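Notes follow once the structure below has been shown.
The values are calculated or read from the model by the stated rules, or taken from the named source; none is laboratory data. Please read these numbers as outputs of a predicted model, since none were measured by experiment. Please note: Cβ atoms are built from the backbone with ideal geometry, for glycine as well, and neighbour counts cover all protein chains shown. These area figures cover heavy atoms from the full protein model, side chains too; ligands, DNA and RNA do not enter into them. Shrake-Rupley method; radii C 1.70, N 1.55, O 1.52, S 1.80 Å.
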Amino acid sequence: MQTDLLDRVRKLLAKAEAEGCTPAEAEALTAKAAELMARYGIDRALLGAARPETDRPADRKFAFERPWADVKAHLLAALAAALRCQCVQTQTAEGSRLHVFGYASDLERAEILYTSLLVQMARALAREPVPAAGNSAKAWRRSWMLGYCTAVVARVRAAEEAAVASATPDPAAGSAPVSGQSAALVLADRSLTVRLQVSAAYPRLKRKRVTYSGGGYGAGYREGQKADIGGAKLRSRPAGALGR
């Protein structure tokens with residue numbers, strides 16, 4: 001059943017990425033995909049609480065190719081965090097790498113969504129005319145993508161929050177979780193486990209902020225809002241960019 005759900009997600013995202021798919025069609029497809037993916041995440045978490053062997057803590061390392069390697073890393077890190085994973089960015093002789101920690105099902109979800117949104121973002125950016133005045137074209141495109149990232153990650157968080165809320169029993173109604181544990185408690189336990197994973201691997205960490213200088217952030221944010229990937233639209237704070 002869970003495999004079927006994830007297969008449906010992959011098919012919906014593939015349609016959203018396809019050439020000829022209009023922005024409105026892609027929005028509808030990704031909205032449904034994110035809704036299903038969030039439900040899949042809750043189902044796997046609850047199953048893992050009852051049967052730990054089905055979903056264990058894991059980690060993956062990612063390298064990012066130019067151009068825009070830092071933006072790609074930012075998008076994956078933000079998506080992973082929205083899906084209850086934690087990331088550590090490291091520098092090697094080959095460039096920047098991202099070490100992502102989380103439960104196996106959440107890592108899988110993050111990678112699937114990241115791969116699809118990377119394609120969708122590149123297509124959306126290709127349609128955007130770069131203003132003649134102001135910052136350089138490169139700076140404008142980078143800021144546009146960071147704005148896009150912020151908007152789509154806000155949509156992902158909305159879908160995740162909606163899934164948790166729908167899985168949480170209502171005490172007033174006398175309902176109880178089927179697994180014997182509430183979704184909120186299960187997810188809190190998993191988050192603690194992931195934090196301990198990161199602390200064990202990297203005892204000393206520093207936070208890093210992503211900055212931008214171009215004027216395309218607002219336009220990218222608005223485009224990212226169109227690529228609604230589930231849940232109610234949020235009035236989120238700007239925080240969050242492909243092309244040369």
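Conditions tested, residue by residue: (1) within 29 Å of Ala122 (Cβ to Cβ); (2) aliphatic (A, V, I, L, M).
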| position | (1), (2) |
| --- | --- |
| Asp4 | no, no |
| Ala14 | yes, yes |
| Gly20 | yes, no |
| Glu27 | yes, no |
| Ala31 | yes, yes |
| Pro52 | no, no |
| Ala58 | yes, yes |
| Ala63 | yes, yes |
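Looking only at residues in region 119-157 that are more than 26 Å from Leu83 (Cα to Cα) and among the aliphatic types (A, V, I, L, M), the one that is least open to solvent (accessible area, probe 1.4 Å) is Ala139. Would it be correct to say that Val71 is among the β-branched types (Val, Ile, Thr), over 21 Å from Glu160 (Cα atoms), part of a helix (DSSP H, G or I) and open to solvent by 40 Å² or more (accessible area, probe 1.4 Å)? Spelling it out, it is not the case that Val71 is among the β-branched types (Val, Ile, Thr), over 21 Å from Glu160 (Cα atoms), part of a helix (DSSP H, G or I) and open to solvent by 40 Å² or more (accessible area, probe 1.4 Å).
Of the residues screened, Gly48 is one that is over 18 Å from the mean Cα position of the chain (by Cα), at pLDDT 90 or above and assigned to a helix (DSSP H, G or I). Within region 102-118, being hydrophobic (A, V, I, L, M, F, W, C) and open to solvent by 20 Å² or more (accessible area, probe 1.4 Å) holds for Ala104, Ile112, Leu118.
Quick check, is Ser105 among the hydroxyl-bearing types (Ser, Thr, Tyr) and modelled with pLDDT under 95? The answer is no for Ser105. Of all the residues in region 108-137, those that are basic (Lys, Arg) and over 28 Å from Lys61 (Cβ atoms) number 1.
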